[in-house]
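Novice: Handing you a structure now.
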Amino acid sequence: MITAGVIGATGYAGSQLVALLSAHPQVRLAYVASHSYVGKRFGEVYPSLFPIGDLILQEEDIEEASHVCDVLFVALPHGMASHKISEEILSRCVVIDLGADFRLSDRAVYESWYQCDHPSSHLLTESVYGLCELHRRAIKGARLIANPGCYTTCSILALAPLVGTGLVDPTSLIIDSASGTSGAGRSEKIGSLFCEVNENYKAYGVTNHRHTPEIEQELSLQNGAPLVVQFTPHLVPMNRGILSTCYANLKAGVGEDEVRAAYEEYYGDEPFIRLMGSDLPETRFVRATNVCAIGWKVDERTKRVVAISAIDNLVKGAAGQAVQNMNIRFALGETTGLATSVASPL
């Protein structure tokens, strides 16, 4: 059995993670922590998770947790994990960080986009970007895994085969993504109130969303040279899910056959990728699963490809991918404890 701990267990991603780990056949939850609810039972915060309701929430102490856990999941806002994770912590346990602090390999890029210092920047060279389908080999030996962001997972997976096989012009990438409100977290914000969100659809973070450099970093690796993307996120009045619509100009001579072959080459054997071709994905097709569904259309008129991907932002976009990273790192069987189908089609 692997002993696991969760720091930040009562946020939306953290609670989803606790639920997944508690049902994992090869994991024992040894430490669950939440600064806001110290001493309370988990079930007092989330009564729906009654099978694990008697877990007592502790103070957030990564030092203490590292002594009792084989793997420690850190689900804290950006700027916090970088102050808490050290070489000493990593010598005792594997850390999977669900925040942004170790995703970007360049300290200057991180500090520019997040407007805060990075006191553990010496660990950036060791951190492995935990997008499992693209970095599985590196994840297997990692001590520090940076779990990708939700928008980034959806966008990168949709575009990586097109960019990596050279089928599209890398200067033409445009991404429009829409997320449910759980992506904003559980803290109280006026913009997340029911009256602000319901019956509304809006763009935000236009030209400056913090997931942009993450997308550019990973697609640049696929491209073999730096590239930039136009990324615009939107908020939709649903609880969970992300749909990304990605546009790229096709290179001369590229058509449907080449596009399909690229996706098959990248993802043909991937357990959590569902290739739908022209049967385009919807968020309800992947709700509560660790699956990324990808479809595409080749527009002969405009000479573009439109790739559409869907994930559950709290599972494949956060907690599920974190468990997938753990499974790979500890050789537990990659799909163990993770759903690949929707329990209810409605």
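The values are calculated or read from the model by the stated rules, or taken from the named source; none is laboratory data. Predicted model, so just to flag it, every value in this text is computed and none were measured. Cβ coordinates were reconstructed from backbone atoms using ideal geometry, including for glycine residues, and neighbour counts include every protein chain displayed.
Novice: Scan 171, 165, 181, 125 and give me the residue that is within 19 Å of residue 292 (Cβ to Cβ) and of a type in the set (Val, Ile, Thr).
Specialist: Every option except 165 fails the conditions.
Novice: Sticking with this structure for a sec: Return yes when residue 310 is part of a strand (DSSP E or B), touching a Gly at 6+ places or on another chain (Cβ under 8 Å) and either buried (at least 24 other Cβ atoms within 10 Å of the Cβ) or hydrophobic (A, V, I, L, M, F, W, C) (or both) and no when it is not.
Specialist: Considered against the rule, which asks whether it is part of a strand (DSSP E or B), touching a Gly at 6+ places or on another chain (Cβ under 8 Å) and either buried (at least 24 other Cβ atoms within 10 Å of the Cβ) or hydrophobic (A, V, I, L, M, F, W, C) (or both), residue 310 comes out as yes.
Novice: Here is a further query. Quick check on the range 93-112. Is at least one of its residues in contact (Cβ under 8 Å) with a residue 24 or more places away in the chain, part of a strand (DSSP E or B), more than 21 Å from residue 328 (Cβ to Cβ) and touching a Leu at 6+ places or on another chain (Cβ under 8 Å)?
Specialist: no
Each row is one residue, and each column tells you yes or no for (1) out of contact with any Asp or Glu (no Cβ under 8 Å at 6 or more places or on another chain); (2) outside the structural domain of residue 93 (by TED's automatic domain parsing); (3) within 11 Å of residue 58 (Cβ to Cβ).
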residue	(1), (2), (3)
7	no, no, yes
10	yes, no, no
16	yes, no, no
23	yes, no, no
29	yes, no, no
34	no, no, yes
38	no, no, yes
41	no, no, no
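Novice: Buried (at least 19 other Cβ atoms within 10 Å of the Cβ), within 23 Å of residue 321 (Cβ to Cβ) and not β-branched (Val, Ile, Thr): is that true of residue 26 in this structure?
Specialist: no
Novice: Could you check, for the range 293-305, whether at least one of its residues is in a loop (DSSP other than H, G, I, E, B), modelled with pLDDT of 95 or more and under 19 Å from the mean Cα position of the chain (by Cα)?
Specialist: no
Novice: Identify the single condition in (1) surrounded by fewer than 22 Cβ atoms within 10 Å (Cβ to Cβ); (2) in a loop (DSSP other than H, G, I, E, B) that residue 232 does not satisfy, given that it satisfies every other one.
Specialist: (2)
Novice: Another question, then. In this structure, is residue 82 part of a loop (DSSP other than H, G, I, E, B), within 28 Å of residue 219 (Cα to Cα) and hydroxyl-bearing (Ser, Thr, Tyr)?
Specialist: The answer is no for residue 82.
Novice: Continuing with this model, one more query. Residues being over 20 Å from residue 182 (Cα atoms), in contact with a Lys or Arg (Cβ under 7 Å, 6 or more places away or on another chain) and of a type outside the set (A, V, I, L, M): count how many of those fall in the range 1-36.
Specialist: Residues in the range 1-36 being over 20 Å from residue 182 (Cα atoms), in contact with a Lys or Arg (Cβ under 7 Å, 6 or more places away or on another chain) and of a type outside the set (A, V, I, L, M): 1 in total.
Novice: List pairs: first in the range 18-43 and without any contact (Cβ under 8 Å) to a residue 24 or more places away in the chain and over 17 Å from residue 337 (Cα atoms), second surrounded by fewer than 19 Cβ atoms within 10 Å (Cβ to Cβ) and small (Gly, Ala, Ser), Cβ under 7 Å, 6+ apart or cross-chain?
Specialist: So the pair list comes out as 41/53; 43/53.
Novice: Quick one: which of 340, 289 is outside any strand (DSSP E or B), in contact with an Asp or Glu (Cβ under 9 Å, 6 or more places away or on another chain) and in contact (Cβ under 8 Å) with a residue 24 or more places away in the chain?
Specialist: None of the other options fit; the residue is 289.
Novice: Being crowded, with 22+ Cβ neighbours inside 10 Å, out of contact with any His (no Cβ under 6 Å at 6 or more places or on another chain), assigned by TED's automatic domain parsing to the domain that holds residue 292 and within 11 Å of residue 236 (Cα to Cα) narrows it down to one of 192, 182, so name that one.
Specialist: Selected residue: 182, the only one of 192, 182 that is crowded, with 22+ Cβ neighbours inside 10 Å, out of contact with any His (no Cβ under 6 Å at 6 or more places or on another chain), assigned by TED's automatic domain parsing to the domain that holds residue 292 and within 11 Å of residue 236 (Cα to Cα).
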